2 protein chains.
Amino acid sequence: MLTPFRVDTNSLLITEHLEDIGLLVTSKTTVGDDVAEIRRLIGDALGSVDLVICTGGLGPTEDDVTREAVASALGVPLEIDEAVAERIRERFRSRGLPMPEINRRQALVPRGAQVLDNANGTAPGLWMTGRGTVVVLLPGPPREMAPMLETVVRDRLRAMSGGTKLVRRTVRIAGRSESEVDTLAKPLYERWRVGFVPVEATILASVGQIELHLTARAERHADAERALEAAVRELEEVLGSSVVSADGRTLEAVIGSMLRELGWTIAVAESCTGGLLASRLTDVPGSSAYVERGAVCYSNRAKTEWLGVPESMIARHGAVSEPVAKAMAEGIRTVSRSNVGIGVTGIAGPDGGTAEKPVGTVAIAVVSDYTTRVRTFKFLGNREHVKEQAVKAALDLTRLMLVER
Amino acid sequence: MLTPFRVDTNSLLITEHLEDIGLLVTSKTTVGDDVAEIRRLIGDALGSVDLVICTGGLGPTEDDVTREAVASALGVPLEIDEAVAERIRERFRSRGLPMPEINRRQALVPRGAQVLDNANGTAPGLWMTGRGTVVVLLPGPPREMAPMLETVVRDRLRAMSGGTKLVRRTVRIAGRSESEVDTLAKPLYERWRVGFVPVEATILASVGQIELHLTARAERHADAERALEAAVRELEEVLGSSVVSADGRTLEAVIGSMLRELGWTIAVAESCTGGLLASRLTDVPGSSAYVERGAVCYSNRAKTEWLGVPESMIARHGAVSEPVAKAMAEGIRTVSRSNVGIGVTGIAGPDGGTAEKPVGTVAIAVVSDYTTRVRTFKFLGNREHVKEQAVKAALDLTRLMLVER
């Protein structure tokens, strides 16, 4: 798990389970088969946190050093547990095999540890306590770890959590910078934090989008839900139409719902985003009901032939310009007989920028039966980031047009 | 990054860079915006390891506590660095904006720290030493972190590493399953592992694609390179034209190079992939030289109007059929006057499947001046996976057509 190519999924599952029962995860660490480093990490955690869960390193080979490291950190000897050894032997016997000698290592148990049964493998789990900290060892393979985790969590850890319930909500925000959102929302979350049911807020910025993750903690699930509802309402008051969704739905899903409700169709004409806008719109299941078509017009000829953008307009204003974006949006709307048309034209880079129109310049137009919106953006970043930000901006302009229609 | 839903990619990139220069990563930890926990972790590491790299928590908001936690662990005060403050102010000024007051936090520097420039954001990096351990802070957004990491690694960390050189190569493979590749290549990597310059191979399967990561370790860089060259040649012999690239280039980049060499253009017509195929092709810088246009024909009307697919053909064979895929490819090639045309039509799901044509059925055609290739695939997985696999299959069919042209 320390190589650059392996993504750790066990910790995601463990975090999810612990949060569900109201235990807060304060840190997680990936460590190699290094007995000294594991001993140091466990030793440092004893007395500082309530619970340490370790996965992996319980196999039969020399590489599997977790038992040894934990026993050493706790200052207790490792001893063969004959009942465990017998269970492992039995497991092999049931498949008509003798137990290989190395598997006896898996029966080593730190003195005082309780053994947790593993229905799907030879390595048992272990449950110990040191300096007031509970240490749980679980096997690494997810198909062995996951069922044991569920039992352990249900039967033993829930008692530690004191019954607190944790509820999360993700609020998506578009069209504002991280610092704008923070400035507007900070007075709110400073108040939430000390409320009767405390709500914690974490702000997360990714390319072209801000997320606020709200977490409420209460004895009763309904109280946590209610506190979150109130928090979301306050956010919506302060952030207005920048709030895309308070239930984690994406921009494209929100647009999809609105189009369905109106019985409208949409078509897009894009240049620099190269099909990514159409792809994002059609990521929504059932989008074939309202996405009529898309044109990826990389060449000027395609813009003229398919969308009717006059060559003279391109010559006068340049392909990357508000008149061309608008003509693209109107062209695709007309040719596809859709209610909404989007036109996007820009310079994704790395080449093609000028002093007047640097890389990242993108003109976006959204036209409907009733209104026209055109804006020019200057995005920073590489080709991929410019594409992503342009798609997010086009989707948000479309959403706002539908909201304020 | 501590929520159950976020996968950490920064640490993968950092590990890769550190390994490249021969530094061994012994552990990695994810921690929340929790000043006490960050202080504890950094404090515990001081004097125990040679190097700690932290990413994130350098933003302007109250949540961003890394500077504070590290200063506290090192036992030094935080002070405003006026040169850093001025650089942040300048960054805002260049976009015609005043610096928000909260961004001044980003100019706080632990006493004695060296400032590392961040070309892509307001948060500078920091370089400090405590109890013999180097502590490096880098911003969290990958597009800011990655370029800084490269500079830091090249200029400063290389000096810390010992003699062994580690060289990696990524071999991309398409059109074969993971177990096929493993069966064919395993005899090779069992031999490589015990060679004079040992080469380790890791097989990684992602949606629609296999990667073999080869790592050679030697005293001299040239020896590691030579061992990898030989390994790649052996792989190519065994896997034939399934090898897309041995230098990490993507399918779309390989196609782009071949089209440029031939002076050819390409145009695509897609239904179920919804623009993702065009987007992928245009992810390659300079692709405007050979991508003429793309049609996202979600409606049958668009297929008929733009591509000339006869209504009667759709009625007889269904929109998802080889004749329609071929007619789409020919239609887009003709209308765009391109050398290559691709047609993709399928059922991405979750709805729209039938007993005869279940969800995941995708017909793909590639036509050029000389040849026509048509194939029907049955992909497994959800909407997103079907789209991704269909795009990979269409790109690979195109690549093979260009290779064997």
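Using only Cα atoms, find the angle between the long axis of helix B:10-20 and the longest principal axis of chain B, and express it within 0 to 90 degrees, rounded to the nearest 10. It works out to around 80 degrees.
Mean separation of Cα pairs under 8 Å and 6+ residues apart, divided by the residue count of region B:267-348: what relative contact order is that in percent? Mind showing how you got there, number by number?
Working: 137 pairs, mean separation 32.8, N = 82.
Once divided by the residue count of region B:267-348, the mean separation gives 40 percent.
Overall shape of region A:244-335 was characterised from the C-alpha gyration tensor. The equivalent ellipsoid obtained from it has semi-axes of 28, 13, 11 Å, in decreasing order. Remark: mean inter-chain Cβ contacts per residue of A:177-190 equal 3, using a 10 Å Cβ-Cβ cutoff to other protein chain atoms. Ranked by the mean number of other Cβ atoms within 10 Å per residue, highest first, peptides B:241-250, A:187-196 order as B:241-250, A:187-196.
Where only protein heavy atoms count, and the probe is 1.4 Å, what is the accessible area per residue for chain A in Å²?
Working: 17200 Å² over 405 residues.
The answer is 42 Å² per residue.
Can you give me the C-alpha center-to-center distance between region A:51-77 and region A:348-405, rounded to a whole angstrom? The distance from the Cα centre of region A:51-77 to that of region A:348-405 comes to 54 Å. Between B:Arg93 and B:Arg337, the simple label model (points 7 Å from Cα in the Cβ direction) yields a spacing of 5.2 nm.
Label-point spacing for B:Ile80 across the identical copies (point 7 Å from Cα in the Cβ direction), in nm and ascending order: 6.9.
Counting Cβ atoms of other protein chains within 10 Å of each residue's Cβ and taking the mean over peptide A:29-38 gives 4.
Cα centroids of region A:82-111 and region B:179-233: 35 Å apart.
What quantity of accessible surface, computed with a 1.4 Å probe and excluding non-protein components, is buried in total between chains B and A, in Å² to the nearest 100?
On the way: alone 20380 and 20260 Å², together 34550 Å².
Buried: approximately 6100 Å² between A and B.
Taking the mean number of other Cβ atoms within 10 Å as a proxy for protection, how do you rank A:261-268, B:19-26 from highest to lowest?
Values: A:261-268: 19.8, B:19-26: 18.0.
Result, highest mean first: A:261-268, B:19-26.
Each other copy places its own label point for B:Phe92 at 6.9 nm from this one, sorted shortest first, where the point lies 7 Å along the Cα-to-beta carbon line. For helix A:82-93, what angle does its Cα long axis make with the longest principal axis of chain A, in degrees from 0 to 90 and rounded to 10? The angle comes out at about 60 degrees.
Divide by every residue of chain A the summed helix terms, -39500 (n - 2.57) for each DSSP H run of at least 4, and state the resulting mean residue ellipticity at 222 nm, rounded to the nearest 500 deg cm²/dmol. Show your work: numbers first, answer last.
Numbers: 13 runs with 158 residues, N = 405.
Here the helix-only value at 222 nm equals -12000 deg cm²/dmol.
With a ≥ b ≥ c the root eigenvalues of the C-alpha gyration tensor of region A:261-405, is it rounded (a/c under 1.5), prolate (a/b larger than b/c) or oblate? Judged from the Cα gyration tensor, region A:261-405 comes out prolate (a/c at least 1.5, a/b above b/c).
Given 25 °C and 0.890 mPa s, compute D for region B:259-300 with the Stokes-Einstein relation, Rh being the Kirkwood radius over Cα pairs; round to the nearest whole µm²/s. Can you show the working numbers first?
Values: Rh = 10.8 Å.
Using the Kirkwood radius from Cα pairs, D works out to 227 µm²/s.
Here the protein assembly as shown is treated as a sphere whose radius is the Kirkwood value from Cα pairs; by Stokes-Einstein at 10 °C and 1.306 mPa s it diffuses with a coefficient of 54 µm²/s.
Taking Cα centroids, how far is region A:251-274 from region B:140-155 in Å? Centre-to-centre (Cα) distance: 37 Å. Taking only alpha carbon atoms, region B:109-155 gives an Rg to Rh ratio of 0.97, where Rh is the Kirkwood radius. Here, P(r) means the percent of Cα pairs in each 20 Å bin from 0 to the largest distance; for chain A it is 22, 37, 29, 12, 0. Residues of region B:124-140 falling in the label zone of B:Ser48, defined by backbone nitrogen less than 20 Å from a point 7 Å along Cα to beta-carbon, are B:128-137.
How much length, in nm to one decimal, is gained on full extension between A:Ser206 and A:Ser312, taken as 0.36 nm per residue of separation minus their Cα-Cα distance? Each step should come with its number before you reach the end.
Numbers: separation 106, 0.36 × 106 = 38.16 nm, distance 3.89 nm.
Additional length available on full extension: 34.3 nm.
Once the C-beta distance of B:Thr170 and B:Val134 is scaled by a Förster radius of 35 Å, the resulting FRET efficiency is 0.75 to the nearest 0.05. Potential lengthening of the chain between B:Arg154 and B:Val115 amounts to 12.4 nm, from the contour at 0.36 nm per residue minus the alpha-carbon distance. Relative contact order for chain B: 11 percent, from Cα pairs under 8 Å spaced at least 6 residues apart, divided by residue count.
The mean of 1/r over all distinct Cα pairs in region B:56-175, once inverted, gives the Kirkwood hydrodynamic radius of 15.9 Å.
Let me know the mean shielding of A:295-306 by other chains, meaning the per-residue number of their Cβ atoms within 10 Å of its Cβ.
6
Using 0.36 nm per residue and subtracting the Cα-Cα separation, the extra length available between A:Arg233 and A:Ser257 on full extension is 6.6 nm. Seen from all directions on average, region A:151-238 presents a Cα convex hull projection of 6.8 nm². Note on chain A: with a GNM built from Cα contacts shorter than 10 Å, the maximum mean-square fluctuation among A:Gly132, A:Gly256, A:Gly175 falls on A:Gly132. Take the Cβ atoms of A:Glu180 and A:Glu62, set R0 to 35 Å, and the FRET efficiency comes out at 0.05. When A:Gly132 is represented by a point 7 angstrom out along its Cα-to-C-beta vector, the spacings to that point in the other copies are 3.2 nm, nearest first.
All distinct Cα pairs of region A:73-116 go into the 1/r average, and the inverse of that average, the Kirkwood radius, is 11.2 Å. Relative to the longest principal axis of the Cα atoms of chain A, helix A:322-336 runs at roughly 90 degrees. With a cut-off of 12 Å between beta carbons, the residues surrounding A:Glu62 carry a summed charge of -3, where Lys and Arg count +1 and Asp and Glu -1.
A Cβ-based charge dipole, computed about the Cα centre of chain B with Lys and Arg at +1 and Asp and Glu at -1, lands at about 700 debye.
Note on chain A: with a GNM built from Cα contacts shorter than 10 Å, the maximum mean-square fluctuation among A:Ala71, A:Ala113, A:Ala355 falls on A:Ala355.
The values are calculated or read from the model by the stated rules, or taken from the named source; none is laboratory data. Everything numeric here is computed off the predicted structure, so don't read it as measured data. Cβ sites come from the backbone with ideal geometry, for glycine too, and all protein chains shown count toward neighbours. Just the protein is used for accessible areas: all its heavy atoms, side chains included, with ligands, DNA and RNA removed. Shrake-Rupley method; radii C 1.70, N 1.55, O 1.52, S 1.80 Å.
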